[in-house]
Every structure is written in C-alpha cells, then in structure tokens.
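The numbers here are math on the coordinates, done by the rules we state, and not lab data. Only a predicted model underlies this, so the values are computations on that prediction, with no experimental measurement involved. Virtual Cβ from ideal backbone geometry, glycine too; neighbours counted across all protein chains shown.
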Amino acid sequence: MTSYIIRRLLQALVTLFIVSLLIFLGMRFLPGDPILMYMGQDTITHMSFEQVEAIRHQFGLDKPLVSQYVSWIYGVIQGDFGVSIAYREPVIDLMLKRLPISIHLGFLTLIIFNLIGIPAGVICAIRRGGWLDTVITILANLGITVPVFWLGILMIYLFGLYLNWLPIYGYTSPFTDFWLSTRQIIMPLICLCVLPIASTARQARSSMLEVMHQDYIRTAWSKGLRERVIIMRHAMKNGLIPVVTLTGLGIANVIAGAVLVETVFNIPGFGRLAVTSVLNQDYPIVQGVVLIVSTVVVLTNLAVDLSYGWLDPRVQYR
Amino acid sequence: MSVQVNIPTGTAENLPRVSEWHRLLRVFFFRRVVIFGTIVILAFIIVAIFAPFIAPYNPYKQNLNEILAQPSKEHLLGTDSLGRDTLSRIIYGARTSIVIAVTTLSLAAAIGMTLGLLAGYYGGWINVIIMRFIDALMSFPMLLLALIIAAMLGGGLKNVIIALGVGMLPGYARLMCGQVLSVRENDYVLAEYAIGASNMRIIFRHIFPNCMPPLIVLITMMMGLVILAEAGLSFLGIGIEAPAAAWGGMVAAGYGYLRTNPILSFAPGLAIMLVVFAFNMVGDGLRDALDPRLRGAL
C-alpha cells in the first residue's frame, strides 16, 4: 500500500513535470519573440536593438532553454508567475483575486451535481423501464448534448429578460450581499451543473444496473432483506465506485464549462481570465492559469486513485 | 504442420455472416431514437453537401436595407445585424461543422490510435513515455487546451482542427492502448508469435482489426463532442474567422440582439443541439450493437 502511494505520487509528479514542460515549450515556440511575452508589441517597436537585447539579458532569455526552464519553474514554485502584459500586475495577484469566485461556483457545482446525479441514476437503475427511468434518461441524454453557452442564453432570455426574475449577469461575493449573490449565481450554476449531472446519472445508472444482476444481490433478496437495505447497503457500495472514479473527469468538465459560462454571464472568474488573456495574447496569465488548472486535475485524479482501495477493498495494489 | 479444418463452407462462411449483420442492424435500430438520430445525421450530411442548392440566399451577402429583419416569408429565420439570411447561414454552418468534425477526428484517431497501439503492443519504456505524455495532455481540460493552441497558432480552420485534434487525441490513445493490452493476450496472437510472424503482420492482421469495435463507437460519440467543442470555441470568438458561418459564432453574435431578435441565437444553438444529440444517440446504438461491454462507459 505505502509503496503504491509513493509510486502513484511519483507518477503524478512526472505528469506535472511533463505538463509544465509542455506549457513552457509551447509558450517558447510561439510565433514571434518570447520577449513579447514580457513587453508587449507596442513597447518593443519603440526600442532600439540594444535596449531590446538588454531586456533580453535582464529576463535571462539569452540563456539556454534548460536554464530558462529551471529558473521559470523555480519562480513558479515560489508563486512567481511573472507579470501580466495587459494588467501590469503580478499574475499571481490576478489569479488570487479570481480564485475565490471560481472556488465558490466550482464547489457548489460539485456538491449539486453529485447530490442530484447519483440518486437520479440509482433511481433509474432500480425502476428500469419505468416512466421515471424514461424521463430521466431522456433528460440525461439532452443534458450531455446541450451547448451550455446556449442554455445560458435561453435562460437569460426567459428568466432575465422575459420574466424578469433573475439578474442576467455579474457576480457578487456572498459576504457582501448574500441575497443578490444567490440570485446571480442561480443561472450560472444550472448551466455548470447540467453536463455533470447528466453524465453522472448515466454512469450511475449503468453501473448500478450491472451490480443489480450480481449473485450477492440475489442472495440479499432471497434472504428477505428490504429493498432499501439491499440498495443502500449492498448495491450502491459497489455500484458507485465507477462514478467516484470519474470525479477527476467531472472536475475537468466543470472547469471547461466555467470558461463558457463565465463568459456568458460575465463572471470575473478563472475561466473568464483564461479567455480574455488568450484573446489579449497575455501569455504570462495563460501560462499561470493552465498550470494551476492542470495541477488541480492531476491532484484530483491522484486523490481518486488513492481512495480507490478504501472504496473497494478488493482492489489489489500492485 | 498445417491443420485442415473441415467446416461446410456454405454454412460457416456465408450464413453466419449474414445473420451477424442482421443481428447488428436489429440491435442498432432497436430504439426509435436511434432511427431518429440516423435520419438527422443523414439530413445533416445532405444539407452540408448540397448547401449551395438548398440555401435560399447567399450566406455572405450583406443587405443593409434588411438588417435584423424578423422572421418572415422571405427570411424564414430573419436576418442578422448585417442583413444576412439566418437560415442560409445555418445551412452553410453545417458545412463548417462537418468539415471540422471529420478532419479533426481523422487526425486525432490516426495519431491517437498509433500512439496507443505502440504503447500497448511494445510496452516497457515506450508505454511509460507515451502514456505519461497522454496523461499530461489529459490533465488540460479539452476546451482550455484547444483555446490555448488556437490562441498560439491563431484562428482559422486549419488551426481549429489542430487544436481540437490534440484535445481529442488522448481518448483514442487510452482506449487503443487498453484494447491492445487485452487483445494481445489471445491465443491466436501467441500462435502467430510461435510461427514466427513479424510484428507488423501481428499488429495489422490480428491486433488492429480486433481492437476496432469500441474505437468505432468512440469515433461516433466524439463526433458530437467535437461539434460541441468547436461551437464552444467559435462562441468564444476563437474558432472560424468572421465571414464564414459557424454555429457557435452565430449564437455569440446573436447574443447582442437577444432582446429584439432572440431567434438569431436560438436557431443556430438548436441546430448544434439537434446534431450533437443525433450523433450521441447513434453512438449509443452502435455501442449496443458492436460492443455491449462498453454500455455506460462512455
């Protein structure tokens, strides 16, 4: 077990190393001079050749790639992601400002989609072929289909413009104005949750169906146990393992969804930051955001893998 | 020594093959929604191919006398802020979608499957290197990855295809690797080794064909995903460049006129949803027919 954890940790570190390498090289092989990353096009055109070379030296861009990578990663570990071209602020400050917003939305999404998606899938599996199963399956199939940005626009039209129930954009911290904040995040949360709820329900349904056919469930029935006990105590324990293992994918989905949803509802979160900096070609921010996001995904997958044995003691660590 | 297997050719080679096809088709079309999906996809392909003949107007022609027209007999879905016919633009948008989806998936499948095949078949350090690389790619959310690649390379059809292709690649590599690992264990592969067959022969004659069913399902499933991702990219203003019609971009452009002309956003979004739904349903049907083990795994 311990050796498995250590190996898995090392694997995650290697993955993170490759991720950082990909990001670093990707940014270096951008068309154009990497010095643009720090200065911006306008500033450069007004400088003499010597001045540009001096800056190049100052940022260490005349050193070999390997030592550039090392000093970049050294900075990153200390929280130094460079300075944004557009905002003229340290990238880390910009990210820290937006992080609470994304954590607020992401965390709620995570809770909601599990709370709705898992029971929905389980109910479908238990009442297979019934009207509830049919309805939920259809909804789930639509849920994995709908473009979230379009759903957001539909809701803005219906609840915002037509019925005038909810504010159509923006974000307020729940600590400033809880009521306004809640009203503002209802529609974005629905958009963020739709895809994860649908895919969780589909996954939960199919893996529960598989478990319900197993011998030990038949044994439980023939022992005369009540349905609730069989499902809660026997079937769900095994049936939900595949669902949990997909949490990592779920988080990646939520982050990707956030990019679109934050754009539609004009929420100044992480996703919006990524989009605007990509459009502004503000590469230091892009670099920082991608590194953070992929680290979160890698660590989630690591946590899921490590919890596997706890969820399913039959799993042998090799 | 060669082994002669005596099976009456009439029954062994012809009959089972026919009934196998029948079985596949019966399972495939078992659910009505799959039939619906098939029809939608066929219609989508026909519309894309014959766009110039079907579209009532030139999708690029601006008519500044008729900007933001409401739906009418002349313009069934109205016109946009430059007076272009919305219906015609949706019809041409089908072209954009299908071109991107097909080329992206071919690219991703070709590279991803090759990598997966190499990793699964040769194992060892080749596997370690390839799969760690794939893991790293997988840790970028696909849309974000595509966004960054598109930003680095610039907009335009070619770069969107590369961006989405790289995002799709890990799925194929993973599935292929897993498939190869399980197919490799079959006795007929061992038998090929024993008679001294070359690696190439084993890979292409035996392993590759037997890995295909789940990959075909994945390709169909991913058609919907690519179309959705491309729509997302062009919604963010990063995909296809301005005059060309792309559904996601049309939704974004219409967003600004939501109060007065909601149809400008609604209609292209509905088109995206319909086509993605159709591909997902057909994917489900194919999965049931080709590989029941995958049920729910995708």
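Observations on the structure shown:
- Ignoring aspartates and glutamates fewer than eight residues from B:Lys61 along the same chain, the ones with Cα atoms less than 17 angstrom from its Cα are B:Glu74, B:Asp80, B:Asp85, B:Glu241.
- Here the translational diffusion coefficient of segment A:98-311 follows from Stokes-Einstein with Rh set to the Kirkwood radius across Cα pairs; for 37 °C and 0.692 mPa s it amounts to 174 µm²/s.
- Packing rank of A:158-169, A:281-292, where each peptide gets the mean count of other beta carbons within 10 Å, highest leading: A:281-292, A:158-169
- With neighbours defined as other Cβ atoms within 10 Å of a residue's Cβ, the residues B:Asp187, B:Asp135 order from fewest to most as B:Asp187, B:Asp135.
- Mean per-residue shielding of peptide A:11-18 is 4, counting Cβ atoms of other chains within 10 Å of each Cβ.
- Axis of helix B:32-49 versus longest Cα principal axis of chain B: the two differ by about 60°, to the nearest ten degrees.
- For chain B, the spread of Cα positions along each principal axis, largest first, Å: 84, 46, 30
- The helix-based estimate of mean residue ellipticity at 222 nm for chain A, built from -39,500 (n - 2.57) per DSSP H run of four or more residues and divided by its residue count, is -23500 deg cm²/dmol to the nearest 500.
- For the protein assembly as shown, the Cα-based Rg and Dmax, in that order, read 26.4, 87 Å.
- Note on A:Asn266 and A:Thr176: their simple-model spin labels are 1.4 nm apart, each label 7 Å out from Cα toward Cβ.
- B:Ser182 versus B:Glu20: modelled label distance in nm, points set 7 Å from Cα along the beta carbon direction: 1.8 nm
- Interatomic Cα distance distribution for segment B:193-265, bins of 5 angstrom, percent: 3, 14, 14, 12, 10, 8, 7, 7, 7, 6, 5, 4, 2, 1, 0
- Estimated FRET transfer efficiency (B:Asn63, A:Ala86; beta-carbon r; R0 41 Å; 0.05): 0.65
- Packing-based order for B:119-132, A:174-187, using average beta carbon neighbours within 10 Å, highest first: B:119-132, A:174-187
- Segment B:Asn199-B:Arg31, extension gain: residue separation times 0.36 nm, minus the distance between their alpha carbons: 56.3 nm
- Here segment A:278-294 and segment A:86-123 have alpha carbon centers that stand 17 Å from each other.
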